[in-house]
Amino acid sequence: MNTMRSNISLNQYARGHLVGARATASPLREEVEIALAQGFEVAFDFSGVEATQSFIDELVGVLILRHGPDILGRLIFKSCSEDVQAIIEFVATDRCDQYIKSHSH
């Protein structure tokens, strides 16, 4: 069975070559939540775009806190610069740790 995939090109949300604002990430994350709830994988295309830590945290960090680390298995990150990769890894690690701590009693 093929998993349905929702592709999100982040350059449409960028100012110049940067997606930076939490306010930009928030409505996008809501779209992602709907796609995930419908059984989609979500692919983020970072072609030509850099992202701030606050944007990635609002987009990915909040998903991890809400759904747990397993959600990362349904998110795909394409065409990331080394900086963006490093931010995603940092945020994911940090939020996974936070999720695990808050859910182990």
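The values are calculated or read from the model by the stated rules, or taken from the named source; none is laboratory data. Note that the coordinates shown come from a computational prediction; the quantities given were computed from them, not determined experimentally. Please note: Cβ atoms are built from the backbone with ideal geometry, for glycine as well, and neighbour counts cover all protein chains shown. Note: accessible area is taken over every heavy atom of the protein model, side chains too, but ligands, DNA and RNA are not part of it. Shrake-Rupley method; radii C 1.70, N 1.55, O 1.52, S 1.80 Å.
Residues in the chain average 58 Å² of solvent-accessible surface per residue, probe 1.4 Å, ligands and nucleic acids excluded. Here's the picture: charge each Lys and Arg Cβ at +1 and each Asp and Glu Cβ at -1 in the chain, and of Ser6, Ser47, Pro69 the one pushed furthest to the positive end of that dipole is Ser6.
Expressed as a whole percent, the accessible surface of the chain that belongs to carbon and sulfur atoms is 50, based on a 1.4 Å probe. Using the Cα coordinates of the chain, the gyration tensor eigenvalues translate into equivalent-ellipsoid semi-axes of 21, 17, 12 Å, sorted from longest to shortest. Per residue, the average separation of C-alpha pairs within less than 8 Å and at least 6 apart gives the chain a relative contact order of 29 percent. For region 1-62, the dipole from Cβ point charges (+1 on Lys and Arg, -1 on Asp and Glu) about the Cα centre works out to 100 debye, to the nearest 20. Charge dipole (Cα centre; +1 on Lys/Arg Cβ, -1 on Asp/Glu Cβ; no other charges) of the chain amounts to roughly 200 debye.
Residues whose amide H falls under 5 Å from that of Val49, counting only those 5 or more places apart or on a different chain, are absent, with hydrogens built in the peptide plane.
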